[in-house]
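Beneath this line is the structure, given in structure tokens, with notes to follow.
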Amino acid sequence: MLANHIGHYSLVIGLLTSILIFLLSLKSYKSQIIDKRIFSISFLQLFFVLISFLSLVICFVISDFSNETVFNNSHTNKPIFYKISGTWGNHEGSLLLWLLVLTLFLFLFLINSKNELKRYRILTVVFQQVIIIGFFLFVLITSNPFNYLFPIPMEGLGLNPILQDPALAIHPPILYVGYVGSSLIFSATLAAVIENYISKNWAKNIKIWILISWIFLTIGIMVGSIWAYYELGWGGFWFWDPVENVSLMPWICLTALLHCILVLEKRELLKSWTIILSIATFTLSMCGTFLVRSGILNSVHTFANDPSRGIFILCFLFFLIIIALIIFFIFNKDKQKDYKKIYFFSKEVSILVNNWFLMYFLSVVLIGTLYPIFLEVLIDHKISVGPPFYNKLIVPFLIFFLIFMSLGPNLKWIKETNIKNKFQLFIFFFISLIISFIIYKKIGKTNLINTVLIAASFYLFIVTIKDFFSKELYNISKKLSHFGFSMLILSILLNGILSTEAIINLKVGEKFTFKNEQIFFKSLENNQKENYQSVVGYFKVEDDKKNISLFKPELRIYDQPVVITSEADIKTTFFRDRFLVMNTIKGNEYFNVRYQVKPFMIWIWISTLLLAIGGFLSLYNRLYEK
Amino acid sequence: MVKKVKLRIVFLLALVLSIVLSVLLILKSLEKDVVFFLSPTDIKNLEEIETKKIRVGGMVKKKSISINSDKINFIVTDFKNEINVSYSGSVPNLFSENKGVVAEGFLQDRNYLKAVKILAKHDENYMPPEVKEALGDK
């Protein structure tokens, strides 16, 4: 109860410090001297938000049901790990976490930007504080995590069991760092536009924040995807569900920004485009929050359908976008007097091509996600847009994207003169065509577009491997990320084409044959666990070479709230995952059994990690260059 | 200077053209690939049987589930009209009698849907808004 009060008042003090910093910064901006108090108050702000967050964690740990958030989302017999992760497994707590990351990032920016223009630093603080104040108000007015309940209930309602999972405990914090990082990029960009500071030097510094957001967003999306793979029991890892799309959109935009900032850094080109991308990334992150939180999209992320929350975020978002646009149009004067010659065969043009493709992919995802929402609001037709839409629109362009991605990084800045010497790149292309042809001969299915797509991704794969052996070692981060991406596409493709599955309803003691394997449902076992009842099915899978493996998929019947979840049993090797999951059908002795063989599944995760590690190496280089 | 302007114009034209083309492409395939949501009553009132994939939402009628080894049959009702659904595939854990359901598939006739997917929902108390609306006040 004490923690509850401390948390609430820390939050209020946090808001006050925000306003104070805002006013002090405005004063400093006029006098052009940074008021030293800004640093100490920023630290205080971080401190109070942290206290507030920790108080909420304590409320969850001691199961203080006088706190409404705890009552709604926790339960005394939940394991301690999920009591803690339950803190951000709900709307109110997750916003508090968001606020914590916001203040943390601003503080880090303040202490890490000593060498930069003073007025630019102050303005960044101003814009960031506007966002922070907005979120403080949002938390305090519409979703206070410290609402008091009286009389105090004896027991809480419990956390949705599907969220009681290690991957989902770390998914929100990681993703938030990515989202919130984009807010700092947004503020810094606006400040730089006003100060006319969009320059090589600025690009160098802002790239650190772009990298941080990008790395965390990549890993955050990956963790969510891994969770969906083993917990939802659909046997896939990406469903083109709107809630997945809203995290993919900022990622695509951020990836474009990450490349475009290189051009700015090296050649001082594409200034306006960089600004637009920064604003767009932040807008998409906020849009994601709005769509997910407002209850417009229904998913595990929608904690409560409260329209006032959605409206608040929407208004706030519009306010920020309008400010951003006004600043962009008033202050952004392209004062580039010296005309820079651009050659077609150059790295900057290839990055422009990359950005074009990324923007196309972005608009496909954006329209696919928003169109159903608009249609429902405007003419009350309910529709949904599924995977065929995305596959049809993305796959053909992906082929060209991959080919450009193989060629582009090998070009020089300004002008590539040595085009004839790139002969080996053609040889590689033929090699990859042959490989993909062989693969298709072996499988026996012939689909032209898939064959070409496999060829294109093999091409990128071979070219990126070759790059590792080239003599310049300095750009290892780029090589690693590009290699990771080629592997990602390749493993997704092969996984998609070669996966096989069988779905059947079985009773205990029955068996069925799937290709060369026999699946025998041996027995069931009941166990009472800490906060759920577990029903384990024993399945014997035997192939024609008499290799026997035992699968133990589990059903968990949680007490509070009463929910049944399926835990798939997955046997992972480097070559394939075998996945077996069972579902109950209430009041029936049949179990719905799904058995899947998914080749190269683990490589999807490994390659995503490589992608992120590449980003991390680049970040490491940046930080130690200085 | 002239060259600069020329380059800009070419670049802008290419940009506008590519935007127009991609938007057209996206809208064109949207037309083909969207899935409409209907209630059993909507289906009864259809003038022509929809041949595209659709979604049907409502409640699973009491005692209507029958299962054999490769198929599940049940009836979806909105308490005004109902429709038979047959399905072979994996079933979400929350699928049961008297609970909301969304089935995606192809209409065979006005009374029979061959489902290819039953949508999983995450929460016991949760009801798809489509279902809520289709059920009216119930």
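The values are calculated or read from the model by the stated rules, or taken from the named source; none is laboratory data. Being a predicted model, the structure only gives us computed values, none of them experimental. Here the Cβ is made from the backbone with ideal geometry for all residues, glycine too, and neighbour counts use every protein chain on show.
Any idea which of (1) under 27 Å from the mean Cα position of the chain (by Cα); (2) surrounded by 20 or more Cβ atoms within 10 Å (Cβ to Cβ); (3) in a helix (DSSP H, G or I) is the one residue A:81 doesn't satisfy?
(2)
Can you tell me how many residues within the range A:327-380 are over 29 Å from the mean Cα position of the chain (by Cα) and either modelled with pLDDT of 85 or more or under 28 Å from residue A:405 (Cα atoms) (or both)?
Just the residues of the range A:327-380 that are over 29 Å from the mean Cα position of the chain (by Cα), to begin with: A:329-346, A:378-380.
With the extra rule that they be either modelled with pLDDT of 85 or more or under 28 Å from residue A:405 (Cα atoms) (or both), the set shrinks to A:329-331, A:339-346.
Residues meeting the conditions: 11.
What is the number of the single condition among (1) in contact with a strand residue (DSSP E or B) (Cβ under 7 Å, 6 or more places away or on another chain); (2) not in a helix (DSSP H, G or I) that residue A:65 does not meet?
In the conditions (1) in contact with a strand residue (DSSP E or B) (Cβ under 7 Å, 6 or more places away or on another chain); (2) not in a helix (DSSP H, G or I), residue A:65 misses (1) alone.
Can you tell me which residue in the range A:379-389 is farthest from the other protein chains (Cβ to nearest Cβ), limited to those that are surrounded by fewer than 20 Cβ atoms within 10 Å (Cβ to Cβ) and part of a helix (DSSP H, G or I)?
A:379
Looking at A:539, A:591 in this structure, which one is within 11 Å of chain B (Cβ to nearest Cβ) and either in contact with a helix residue (DSSP H, G or I) (Cβ under 9 Å, 6 or more places away or on another chain) or not β-branched (Val, Ile, Thr) (or both)?
Being within 11 Å of chain B (Cβ to nearest Cβ) and either in contact with a helix residue (DSSP H, G or I) (Cβ under 9 Å, 6 or more places away or on another chain) or not β-branched (Val, Ile, Thr) (or both) holds for just one of A:539, A:591, which is A:591.
Kindly state which strands (runs of 3 or more DSSP E) lie completely within the range A:516-615 and contain at least 1 residues that are farther than 30 Å from residue B:71 by Cβ. Lay out the reasoning, then the answer.
Working: elements: A:517-528, A:532-543, A:548-551, A:554-558, A:563-567, A:569-572, A:576-584, A:591-599.
Those strands (runs of 3 or more DSSP E) span A:517-528, A:532-543, A:569-572.
I need a count of the residues in the range A:167-203 that are within 16 Å of residue A:277 (Cα to Cα), over 23 Å from the mean Cα position of the chain (by Cα) and at pLDDT 90 or above. Spell out the reasoning first.
Looking only at the range A:167-203, we keep the residues that are within 16 Å of residue A:277 (Cα to Cα), and these are A:178-193, A:198-199, A:202-203.
Next, only the ones that are over 23 Å from the mean Cα position of the chain (by Cα) stay: A:190-193, A:198-199, A:202-203.
If we keep only those that are at pLDDT 90 or above too, we end up with A:190-193, A:202-203.
Residues that pass the stated criteria total 6.
With the structure loaded, tell me whether residue B:6 is exposed (fewer than 13 other Cβ atoms within 10 Å of the Cβ) and on the phi > 0 side of the Ramachandran plot or whether it fails that test. Reasoning before the result, please.
On the way: exposed (fewer than 13 other Cβ atoms within 10 Å of the Cβ): yes; on the phi > 0 side of the Ramachandran plot: no.
So residue B:6 fails the test.
Output the number of residues of the range A:557-588 satisfying the condition of being more than 14 Å from every other protein chain (Cβ to nearest Cβ) and either surrounded by fewer than 17 Cβ atoms within 10 Å (Cβ to Cβ) or under 19 Å from residue A:224 (Cβ atoms) (or both).
From the range A:557-588, those more than 14 Å from every other protein chain (Cβ to nearest Cβ) are A:569-578; that's our starting set.
With either surrounded by fewer than 17 Cβ atoms within 10 Å (Cβ to Cβ) or under 19 Å from residue A:224 (Cβ atoms) (or both) added as a condition, the list becomes A:570-575, A:577.
Total meeting the criteria: 7.
Among all residue pairs at least 6 apart or on different chains, which show Cβ distances below 7 Å where the first residue, located in the range B:8-36, is more than 10 Å from every other protein chain (Cβ to nearest Cβ) and the second is surrounded by 16 or more Cβ atoms within 10 Å (Cβ to Cβ)?
none
Quick one: residue B:17 ticks every box in (1) touching a helix residue (DSSP H, G or I) at 6+ places or on another chain (Cβ under 9 Å); (2) loosely packed, with under 11 Cβ neighbours inside 10 Å; (3) within 30 Å of residue A:341 (Cβ to Cβ) except a single one, so which number is it?
Result: residue B:17 passes all but (1).
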